[in-house]
Each structure stands twice: as C-alpha cells, then as structure tokens.
Amino acid sequence: MGVHFNSCTKLHDHAQMFRNDAAQQGLALRKTPRPTSSGGPENHPAQAMGRHHDLQHKCALARFSILRHNEKSSSARGPSMLEKTQTRKSRPLAAERGAGRIARNRMRIAWMYYVEGLTQNEIADRLGIGRVTVVRNINEAIKQREVKIWIEGDVAECFELEAELKAAFGFKDAVVVPEPVSPENIRKAIGVAAGMYLSDTLEDDMTVGVGWGATLYESLATLAPRDLENVQVISLLGGIVQARKFNPAEFAWQFARIMGADCYLFQAPAVVDSPETREALIERCGLRDIFRRAERLDLAILSVGTMAPSSTAFRFNLISDEERAELLKLGAVGDMLFNFYDRDGKLVDHPVNRRIMSLPLDQLRSVPTRVLASGGNDKVDCLLGAIRLADANVLITNEATARELLLRKP
C-alpha cells in the first residue's frame, strides 16, 4: 500500500500520459472510504487487515493516491470548512504558507491514518493537535477526493522511494513520479511534478534562480498562476542565438509571468569565445547586477544534461565535437548550466568551463533550497555527480531513476 502526494500521483488533471498509463495497467478496484455516522471514518483498511500486519505487507496489497487539486479548481469551489477553521486558529501561518501547505498537512494525516494504521488519537498525540482536527482532516481528504484506493498487484511505491532517497542522500525533500509506460514521457512527468512542487513552495519575498532545459520547460504547464508579493526570478545562464522554446531567457520570463514576479534576464550568450570576453561582459555590460542579486537566492531550480550528442549543448553546436571528445576523456558525465563535471561532482579542467556565462556553481551551494529536476536511465551517473556538485537538497525524478540512484550510491 503506497501513498502518493500530488507530486507522484498519476496527475489525472495535469498529464494525459498518466491517464494513459492507468488505462493500460488496469485498475482492479477503486474505492473511496465512507465516513461513519459518528463523523469520522473509524474503520480503515489497515485496521480491517489487522494491526499485526506490518506496513510492508500492506504495501503489497494496495496503494493510495493522494491528489491535490490546483489552485484554480480550489478557488472555484471556495474555501473548505477545514481551511476556514485553520485560518481562524492561525491566520499568520495560513497567510504565510498558503492553501498548498494546508493540503500537504491534510495528506500527511491521511497517510498516517490509512497506511501506517495509526488511530485518530495516536495521530493527534504525534502531531500535537486535537482528535477533532484529525477527524476533520480525514473527512476533508475524502470530500475533496484526495484519497483513492486501488487494490492491485503491480504497485508504484513512490512514497517509499522518496523516504529512501531522503535517508540515503540527506535530501530535505524528494518527489518521485510513477514510471510512465513510454520512456518519452519521463521528461514531461518530471516537469509536471516540478511545476506542482514549485507552486506549493514559492512564497512572498522570495528570490528564485532558474536554469533551463526541456524538463524545466515542461514545468510551466502545471505552475499555478500566482500574484506573489516582492518575488524575483533570476535567470542563471545566458541564452542561445537561435530562437527556440528552450531559450533560458524565454523560460525565465514565462516562469516569472505565471508567478506574478519580477524577472531579471542574463542578457548574454551561454558560451563565449574566451574567459576575457566573459569577464568583460560581466563587468562592462551590466551583468554584475545579476550576480549580486543571485547572492540572495532563496531557491534554485535546475536540471542537467548528458554528454550525448543530442543534448542541448552539442545539438546547437555550442560545444564542438572536438571539445566534447576532450571532455569525455577528462571523465565528464554531464553539465549543469553548461558547466561540465565528472561523476564525483567535480568540474573537469577544460577551457570550455571558463567560457560559460552562468552563475558560478560554487555559489549555488549556499542557496537554502537547491532543487534538481531530472531523470531517465541515461542520467543516473549525471545525477549522482550533479547531486554532489550543487549539494542538491531536493530531488524530483522518476521511479526507475530513483531506484538506480539508490543502488549505485557509493
């Protein structure tokens, strides 16, 4: 039995590919628990199976998908009784964290109740809240259709993988999306989850640094439109001459527009001809302001590229075939913001790394929240190096990649 938060569900409202996956896999049983007449669903699946069964046994029998509706649908319904109650009790907290945080707390209670098999009193004691609050959260989760039960054999245990990743790598958060049937959908799946994660995480007065790439571009589809106060979005990498939808300046601008934020663009080519040109552009063309603003980043969202010829850096001839061969000989496994590094997370000693118009990667390590969104079988070594390089503390990836990372962690 596995619980999946919004970031690792089949994402019915946001990604058609997950609906296709569900149709192909088939669902043997779908059931929504009904509250008892006493006002709370006292008998849950874990109790029915017997408390002597452990969590691993339950995981083999069923899974839960916890779905979070986007802000648009939530605003259309209006505030729930739970949200009104929590707002009355703690208006500053609700204003600070927003409806997304309320939903996350509600889903945590649902997990503890339905999967861990804790009683309402045990949950209340652990979280330091009243039993009535627990009952209201459980009833609200059912009312909002955030709890769904599938009884079937082939289960994607994303939530368990998230916990294992956090324990193994020391992440403060991890998001694992169910494995799509088609590998071509991995990038979209991770992007969808990244957009939803960022929608829940961003708050007023934040400064956000954004990288670029195909995966991050997919996140735009699920970013919940916000009108945040005093939020700044800063592009961390220069652009490309050839107009493409993955141009970093375009991504940063679209991201800022959706979030109602100010945008600061890195107005320079991603790769220049010499270190001297790089320094001249920074000092004489107004780019130093970007570096100063980046010193105050609260969150950075990044992706990584492989050394394959189809990767952006090579596909657009920003890095020559000769340079690619030299980088491979030096042990490069991928790039972050076009900075090439090895499996140990160290920048390779090659002239190309001194010609990149990007924020210095060692500066990223001081950013409080460092989100890495990427996945695929070809990116395991790439991700292992990137996690060390940026000291990432949030990972968003797919199920198969998560398992490989755990197996291959030194």
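Please treat every number below as a calculation from the coordinates, not as lab data. None of the values given here were measured: they were computed from a predicted structure.
List the equivalent ellipsoid semi-axes of segment 258-410 in whole Å, largest first, each obtained as the square root of 5λ for an eigenvalue λ of the Cα gyration tensor. Walk me through the numbers before you get to the answer.
Numbers: eigenvalues 127, 88, 35 Å².
So the three semi-axes of segment 258-410 are 25, 21, 13 Å.
Checking the table Lys346/Lys409; Lys172/Lys409; Lys166/Lys329; Lys166/Lys379; Lys143/Lys188 against a 24 Å threshold on Cα-Cα, which pairs fail? Don't skip to the answer; put the middle values down first.
Details: Lys346/Lys409 16 Å; Lys172/Lys409 17 Å; Lys166/Lys329 33 Å; Lys166/Lys379 19 Å; Lys143/Lys188 29 Å.
Check vs 24 Å cut-off fails for Lys166/Lys329; Lys143/Lys188.
Whole Å is fine, so just give me how far the alpha carbon centre of segment 386-410 lies from that of segment 255-299.
28
Quick one: which residues, 5 or more positions from Val333 or on another chain, have an amide H under 5 Å from its amide H? H modelled 1.01 Å from N in the peptide plane, none for Pro or chain starts.
Amide H neighbours of Val333: Tyr341, Asp342, Arg343.
Could you work out how much longer the chain between Asp321 and Ala168 gets when fully extended? Use 0.36 nm per residue separation minus the Cα distance between them, nm to one decimal.
On the way: separation 153, 0.36 × 153 = 55.08 nm, distance 3.65 nm.
Contour length minus the Cα-Cα distance gives 51.4 nm.
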